[in-house]
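The values are calculated or read from the model by the stated rules, or taken from the named source; none is laboratory data. The structure displayed is predicted, hence computed values, not measured ones. Positions of Cβ are generated from backbone atoms using ideal geometry, with glycine treated the same way; all protein chains shown enter the neighbour counts. Please note that ligands, DNA and RNA were not included when accessible areas were found on the heavy atoms of the full protein model with its side chains. Shrake-Rupley method; radii C 1.70, N 1.55, O 1.52, S 1.80 Å.
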Protein chains: 2
Amino acid sequence: MSDDEVSLEAGAGGLEMLKLLKESVFPSIDLGEISPKIGVREMDDGAVIDLEGSEKYLVFTTDSHLVKPRFFSGGDLGKLAVSGTINDLAVMGAEPAALSSAMVLEKGFPRDDLERISESMGELAESAGVPIVTGDTKVVGEGDVDGVMVNTSGVGICEELTPASGLNPGDKIIVSGNVGNHGMSIVADREGFDFDIESDVAPIHRLVGELKGVGGITAMKDPTRGGLAASLNEMASASGVDLEVEKGDIPIDSKVEGAGEMLGIDPLKIANEGKVVLGVESSCAQEALDALRDEERGKNSRIIGKCTEDGEGRVILNTEIGSSRILKTPRRKPIPRIC
Amino acid sequence: MSDDEVSLEAGAGGLEMLKLLKESVFPSIDLGEISPKIGVREMDDGAVIDLEGSEKYLVFTTDSHLVKPRFFSGGDLGKLAVSGTINDLAVMGAEPAALSSAMVLEKGFPRDDLERISESMGELAESAGVPIVTGDTKVVGEGDVDGVMVNTSGVGICEELTPASGLNPGDKIIVSGNVGNHGMSIVADREGFDFDIESDVAPIHRLVGELKGVGGITAMKDPTRGGLAASLNEMASASGVDLEVEKGDIPIDSKVEGAGEMLGIDPLKIANEGKVVLGVESSCAQEALDALRDEERGKNSRIIGKCTEDGEGRVILNTEIGSSRILKTPRRKPIPRIC
């Protein structure tokens, strides 16, 4: 493929995507630069807009979802679309307020599947307390879309931002549970393996809400495309610090670990859809960990590392056998599309 | 095609779409019902959310754009995506504040085209004063999307709502200029006819803003999918009134009229992308008309009819030869996709 065309590798949420955006998209569309607004160029999970005459911020985010298979162990396209956008709002520090749902359907798409996906979205939005308030539906010809595509955008309100760029030297890094389950589940379902791995797809705004009383939270991300590795690199790079992470402290299901070895996929580099990774001031780290562990969804939370110093945005991974290596952002599409 | 599958006719923004949504989508996902919030089921141009502790509302809207050709007389996909969402906010009575842009790209899509579309979005967002603050970009395999798809969502703030449902008996109906140009331009470009018709695609928030000082505005819509006919029917039906519209008073370019006759397409039933249709109290109608005509984009504004009485939501079209007929919402996809 020539450089004049968009490559599939650009779609994995890694460095190739960053290159595409920096070369072909950002020069034109980055316009939102009012402090402390966070705009497109920051590549955070959402944008932040001042609410005039208020000390609160409006957080605004968008995501397109096209996962295949549409129904997988632990979830489906609808659950993914609702959770993904709620989580993007939550990790910016916002209380999610409302969602939109824009569906593009291929002619001939089964009505049963449409209803299952809609039900899944509706039920999850209701149980999460974040209503779907507006939508758009389009139907296109055969071959113009692969079955169905769902874009969910969301708005939320927050008082205290937790952007990816907030890390300071000395901060501890926490992940809220076992990583790699979503990505590995999707690959297994698609490839016909029976690893008995369930996606972790779920809204995490209530889990994140538990941290509000703790204080000292400096940065948050949800480790979706590109997995934990991509999120850690984004946080380190945006904050201008180096991170030192202990491989042995990162919680991973043994089934995920085994499947990863068999398939040659690093669980640190594939998507999670119900986890949060955060930075917290050292003095608040234990309290933050306890708050997360109080929730069922956060019971496997672990401190996995720390910010060492002002740095070049590197993530250093100390392995269990005493060696160290740089944990990089996945450069290429590691596996078929998982969100 | 069986009833178990999504049909192409459901994509035209007419009655077939309404049926699909009512049967397969709304039963699950309509959850936003806090007065005076406007939610999914109202099918207005956007949702309305109370801003706690403020007399203002947050308006939130979403739209997916897949027009072919992507570059057409008078505009392109990027201009359409930015204008469409700004206009949905504007006709709800909101001041557009910010946009999101979620692109799905097919592997192999030309980088040149991506850059042209991004530039078009960026330039228009800048000149409109409505920044693109957040985005998402995904790349999918060949055949998983037809080239490129752009979802734009938007947020705006308003003090006074102008929902489709606000019409009262006696109100005058105004359209802000000649209708049918966008739809007819797209068809002409696609079919290779040279009718010399330009799309009217443009943001109308400043035109609509001119009405703020007038008062008496009871309802607004932007007549996109399904054209003026669909918008008039939506307003009549949502407001529980009948409308009486004079065919001879509806401004239409002679080129659009001629192309419509040749192709068998009713200019009242195809999309506009830079127009507004509104209801205004009779006593304010002339002033509203004058305000619109002061703007270049509104100079062909006309009063085209009135609300007759509480009714069944019918739109009665009086023709120039003295007869009357019911102007219905287009039932089927009248032409290939135009937005």
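Take B:Ile173 and decide whether it is of a type outside the set (Ser, Thr, Tyr) and touching a Cys at 6+ places or on another chain (Cβ under 8 Å). Answer is yes for this residue. I'm trying to understand the selection: among the residues of region A:168-192, which are surrounded by 19 or more Cβ atoms within 10 Å (Cβ to Cβ) and either over 30 Å from A:Ser283 (Cα atoms) or not assigned by TED's automatic domain parsing to the domain that holds A:Gly264 (or both)? Once the filter is applied, which keeps residues that are surrounded by 19 or more Cβ atoms within 10 Å (Cβ to Cβ) and either over 30 Å from A:Ser283 (Cα atoms) or not assigned by TED's automatic domain parsing to the domain that holds A:Gly264 (or both), region A:168-192 yields A:Asn181, A:His182, A:Gly183, A:Met184, A:Ser185, A:Ile186, A:Val187, A:Ala188, A:Asp189. Looking only at residues of region A:205-217 that are open to solvent by less than 20 Å² (accessible area, probe 1.4 Å) and not in a loop (DSSP other than H, G, I, E, B), we find that the one that is nearest to A:Gly166 (Cα to Cα) is A:Val208. In summary, A:Pro110 fulfils each of the numbered conditions (1) within 17 Å of the chain's Cα centre (by Cα); (2) at the interface with chain B (Cβ under 7 Å from one of its Cβ atoms); (3) surrounded by fewer than 24 Cβ atoms within 10 Å (Cβ to Cβ) with the single exception of condition (1).
Residues that are among the hydrophobic types (A, V, I, L, M, F, W, C), closer than 26 Å to A:Tyr57 by Cα, outside any loop (DSSP other than H, G, I, E, B) and open to solvent by 20 Å² or more (accessible area, probe 1.4 Å): does region B:123-132 have at least one? Step through it out loud before you land on a result.
Looking only at region B:123-132, we keep the residues that are among the hydrophobic types (A, V, I, L, M, F, W, C), and these are B:124-125, B:128, B:130, B:132.
Now restrict to residues that are closer than 26 Å to A:Tyr57 by Cα: B:124-125, B:128, B:130, B:132.
Then keep just the ones that are outside any loop (DSSP other than H, G, I, E, B); that gives B:124-125, B:128, B:132.
Restricting the remaining residues to those that are open to solvent by 20 Å² or more (accessible area, probe 1.4 Å) gives B:124.
Scanning region B:123-132, I find at least one residue that is among the hydrophobic types (A, V, I, L, M, F, W, C), closer than 26 Å to A:Tyr57 by Cα, outside any loop (DSSP other than H, G, I, E, B) and open to solvent by 20 Å² or more (accessible area, probe 1.4 Å), so the answer is yes.
On the given criteria, is B:Leu228 open to solvent by less than 20 Å² (accessible area, probe 1.4 Å), at pLDDT below 95, in contact with a helix residue (DSSP H, G or I) (Cβ under 8 Å, 6 or more places away or on another chain) and over 19 Å from A:Asp136 (Cβ atoms)? No; evaluated as a whole, the condition is false for this residue. Being more than 7 Å from every other protein chain (Cβ to nearest Cβ) and either closer than 29 Å to B:Pro163 by Cβ or open to solvent by less than 10 Å² (accessible area, probe 1.4 Å) (or both) is a description that does not apply to A:Val155. The set of residues from region A:90-112 being out of contact with any Leu (no Cβ under 9 Å at 6 or more places or on another chain) and part of a helix (DSSP H, G or I) comprises just one member, A:Asp112.
Can you tell me which residue among A:Lys56, A:Lys79 is within 15 Å of the chain's Cα centre (by Cα) and of a type in the set (Lys, Arg)? Step through it out loud before you land on a result.
Details: A:Lys56 fails: within 15 Å of the chain's Cα centre (by Cα).
Selected residue: A:Lys79, the only one of A:Lys56, A:Lys79 that is within 15 Å of the chain's Cα centre (by Cα) and of a type in the set (Lys, Arg).
Evaluate region A:33-50: report whether one residue or more is farther than 22 Å from A:Val277 by Cβ, out of contact with any Cys (no Cβ under 6 Å at 6 or more places or on another chain) and at pLDDT 85 or above. No, region A:33-50 contains no residue that is farther than 22 Å from A:Val277 by Cβ, out of contact with any Cys (no Cβ under 6 Å at 6 or more places or on another chain) and at pLDDT 85 or above. Annotation note: Cβ proximity below 8 Å between a residue of region A:96-107 that is within 7 Å of another protein chain (Cβ to nearest Cβ) and without any contact (Cβ under 8 Å) to a residue 40 or more places away in the chain and a residue that is open to solvent by 10 Å² or more (accessible area, probe 1.4 Å) and of a type outside the set (A, V, I, L, M, F, W, C) (sequence gap 6+ or interchain) occurs for A:Lys107/A:Gly141; A:Lys107/A:Glu142; A:Lys107/B:Glu5; A:Lys107/B:Ser7.
B:Glu273 falls short on exactly one of the conditions (1) modelled with pLDDT of 95 or more; (2) over 21 Å from B:Leu80 (Cβ atoms), and that condition is (2).
Suppose we filter region B:231-247 for residues that are assigned to a helix (DSSP H, G or I), open to solvent by 30 Å² or more (accessible area, probe 1.4 Å), under 15 Å from B:Gly313 (Cα atoms) and not hydroxyl-bearing (Ser, Thr, Tyr); how many remain? Spell out how you get there, then give the answer.
Restricting attention to region B:231-247, the residues satisfying the condition of being assigned to a helix (DSSP H, G or I) are B:231-239, B:247.
Going one step further and asking which of them are open to solvent by 30 Å² or more (accessible area, probe 1.4 Å), we end up with B:234, B:237-238, B:247.
Checking the rest, the ones that are also under 15 Å from B:Gly313 (Cα atoms) come to B:234, B:237-238.
Then keep just the ones that are not hydroxyl-bearing (Ser, Thr, Tyr); that gives B:234, B:238.
Total satisfying the criteria: 2.
Within region A:120-152, being in contact with a helix residue (DSSP H, G or I) (Cβ under 7 Å, 6 or more places away or on another chain), facing another protein chain (nearest Cβ under 7 Å) and of a type outside the set (A, V, I, L, M) holds for A:Gly122, A:Pro131, A:Thr134, A:Gly135, A:Thr137, A:Lys138, A:Gly141. Going by the conditions given, is A:Lys269 of a type outside the set (Ser, Thr, Tyr) and over 21 Å from A:Ile316 (Cα atoms)? In short, no.
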